[in-house]
Structures are given as C-alpha cells and as structure tokens.
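Before any comments, here is the structure.
The values are calculated or read from the model by the stated rules, or taken from the named source; none is laboratory data. Computed from a prediction, not measured in an experiment: that's the story for all the values here. We place every Cβ from the backbone using ideal geometry, glycine too, and count neighbours over all the protein chains shown.
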C-alpha cells in the first residue's frame, strides 16, 4: 500500500465516522457539548496541525547547527592536500 | 563477514567539471582510509567533463596506483543512478560509499566505524547530533527544514535527512535497491532510503558537516524547489 493510499484510507475512515456522527438522527447523537465540538472538529485539527508545523520548523530552524570548525578544518585540509599532491607530481 | 581486515570500501565518485575539487577529495579519502587501515578503492565516473577532470583523474591514478583509482568515462549526460550502475560494475569492495565530489560533505569518515553497528546502510545527516551546515543564510536553512518537514510527514522514512547524498551501503543491499528504484537525480537518493525501509534494511545515521561548495556553483533555485516537490509527490504516490 502506498503512502497515498494509506492517507486516503485514513481520511476516508475518519471522514465517514465524523459524517456519521454529525448527520446522525437525534436519537443516536453524542451528548450536547460533544456534538457542538464535533462539527468544527476537522477545522480545529487542521489549525492545530498548522501550528504544530510552524512550531516544529521554527524550532528546527533555530537549532540548525553552523559548522564553523568544520569549515576551518576543511580549509586546512585543502592546503595540506595541495601541497602534498604538488610534491607527488600533480600538475593542477 | 570477516572482521576488520577483510572489508574493502569502494567509493563511487560521479564527477562533472570537478577539476578543482577532485584531487582534494581523493587526497582526503586516501588519507582517511590509510589512517584507519581500511582497504579501499575510488571509482571516478566522469560524464565527459570539458574542463580537464579526466586528466586530473589520470594523474591521480599514477600517484595512487591503478588498484586504488579506477577511472570510468561516460559521455552521456547521466543521472546519479546511471553513474552508480556503471560504477558498481567495477567495484570490488563489499561496501560501497556514495558521495559527491564537490567537497560539500566534509566528514572524517568515522562513520565507517558506524557500520560496525552492522547496519545495512549508513546515512549522513545534517539535522541531528552535531551535524550541520556552513555558510547557509536563513532563507536556505528555512527551505531545507521546511522541505524536510514535509518529507517526514508525507513519507515517514525513518531517517532524518533524505536529500544528503553521503552514504555507505553493503554492496548487495545497494544492488537490490538499484533494481527497485526508478527516480532520477536526488529524488533517487530519497527513494533509496524509503525503499530500504520498506524492505526491512537497517539504517544508521551519522552527523555530517555540510560545508558549502568550495569551488564551483551550487545548484539551488526556484526550479530545484519545484522539481523537489514533484519528486516528493511522486514518491508519495508510488512508494
């Protein structure tokens, strides 16, 4: 099953459960407070996911390492490499 | 697998116009392998570079010996996948290292020891541990993190960095994956990890420092982003 199929199945499952509860006849509904929260639930979840995404990417952006020493080390290695190769006869 | 001495590492280096970087990469690799006492070979797969990369490769072969430097020339604009297929035909090691020849993956190759965790694949990551980047502005970092986030949500690949191309594979694992993967370019790299996960191979991660191109132009623009998204959605729908 591809990821796309998994998503579609998951959405179909949740979607039909939500629709069934929302459109249920008065006898089969959830207690009133829950029923009120049910209708906008998809939108709530979407907004919550949006906030989570922003927070996660923001955090990861802020903690993205900068490798100063690696860059400096690389420059040293480059000099050493050029010198050694020149000694060994490489014509750049 | 026999311990220590019996392992041989074949490094596949696809090159296009890497005349400046190639000798430096080879020197660094040779030195690291010699220091760690591992048997190695470097396979340079050049795509008909017009800048003299092949001459440099010839000179390097004279310096290091033909058992250590193997030169392959293809004269068709190849994708990474094609280069690796050609390279693997000549690889005599039981471990294959795949990396770019542009010096952007500055790493001390201690990750080779990581394979002692008996992983099938070891992948370099910029996003974990003390991995990171150098010389990236905020915009580039944001795009990178954002793209990676979307990738994680959609593909749940089980690896933190899919677009890095610094990896170590067991030879038979790489062969199996190359049969199964169909994408081109760096999406190919992503597909390898996703498929590897699906096939149950173990993937170890090692932090790497991604130092921005020393010589030459880096290829990242609006087009790259669009093609990345297209590739990602294709993988989403097909894996």
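Numbers for the structure displayed
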{"quantity": "Any hit, the range A:58-74, residues being over 30 Å from residue B:237 (Cβ atoms), free of Cβ contacts under 8 Å to residues at least 12 places away in the same chain and away from chain B (no Cβ under 14 Å)", "calculated": "no"}
{"quantity": "In the range B:43-62, the residues that are surrounded by 19 or more Cβ atoms within 10 Å (Cβ to Cβ), within 14 Å of chain A (Cβ to nearest Cβ) and in contact with a strand residue (DSSP E or B) (Cβ under 8 Å, 6 or more places away or on another chain)", "calculated": "B:53, B:57, B:60"}
{"quantity": "From A:47, A:43, residue being more than 7 Å from chain B (Cβ to nearest Cβ), over 22 Å from residue B:210 (Cβ atoms) and loosely packed, with under 10 Cβ neighbours inside 10 Å", "calculated": "A:43"}
{"quantity": "Within the range B:118-140, tally of residues that are assigned to a helix (DSSP H, G or I) and closer than 22 Å to residue B:101 by Cα", "calculated": "1"}
{"quantity": "Test result for residue B:200, touching a helix residue (DSSP H, G or I) at 6+ places or on another chain (Cβ under 9 Å), at pLDDT 85 or above, surrounded by fewer than 17 Cβ atoms within 10 Å (Cβ to Cβ) and part of a loop (DSSP other than H, G, I, E, B)", "calculated": "no"}
{"quantity": "Residues that are surrounded by fewer than 20 Cβ atoms within 10 Å (Cβ to Cβ), more than 14 Å from the chain's Cα centre (by Cα) and either touching a residue at least 12 places away in the same chain (Cβ under 8 Å) or part of a loop (DSSP other than H, G, I, E, B) (or both), drawn from the range B:149-170", "calculated": "B:150, B:154, B:156, B:158, B:160"}
